[in-house]
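The block underneath contains the structure these notes are about, expressed in structure tokens.
The values are calculated or read from the model by the stated rules, or taken from the named source; none is laboratory data. These figures come from a predicted structure and were not determined experimentally. As a convention, Cβ positions derive from the backbone with ideal geometry for all residues, glycine included, and neighbour counts pool all protein chains shown.
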Amino acid sequence: MIIAVDFDGVVVVRDGRKYSDVRSPLKFVPGAKEGLASLKRAKHVLLLWSARSNRALLEDPQLDPLVRSGITRVDLAAWRAARPLHLARRDQMLAFVGKELPGVFDAIDDGRAGKPNVDLFLDDKAMRFGATLRGSSWRDVAEEHGVMPPRSKR
């Protein structure tokens, strides 16, 4: 199965973190490292996807379909001023994945194709709703593939 995994809120904790914070160390969502390892060991193809690679933020605001359609206007001065932050956020993600998750992802989306066409897409909403609606959490994924010991049943 080909699984796209969003970065913020799925691999690393997003809550309480300022968008502009590219200096504080990123922290794994509880169970994410083990869950990703279990998916990899089960021979799934993992694609890292993130809005941090959005080409409209990094290269050209005209790549945003809302801009092209005239729904959203672009302040080019503001876009140019924000671009270094967007590049720093993308670089922070790549450095984290390279250091903390070497060899886990088969590919890292570069933002050129929009939302990828995959078998399963894990984003922050899927993980949040999954955990509360009797779906899967990272811990469940890791337990299913034998990376973490099962929780004791009381």
- segment 15-39 - residue that is more than 16 Å from the chain's Cα centre (by Cα) and touching a residue at least 60 places away in the same chain (Cβ under 8 Å) and, of those, nearest to Lys99 (Cα to Cα): Ser38
- Query: Which ones in segment 41-58 are closer than 20 Å to Asp8 by Cβ and of a type outside the set (A, V, I, L, M)?
  - Reply: Trp49, Ser50, Arg52, Ser53, Asn54, Arg55
- Message: Take the conditions out of contact with any His (no Cβ under 9 Å at 6 or more places or on another chain), modelled with pLDDT under 70 and either among the small types (Gly, Ala, Ser) or on the phi < 0 side of the Ramachandran plot (or both) and apply them to Glu143. Does it pass?
- Response: yes
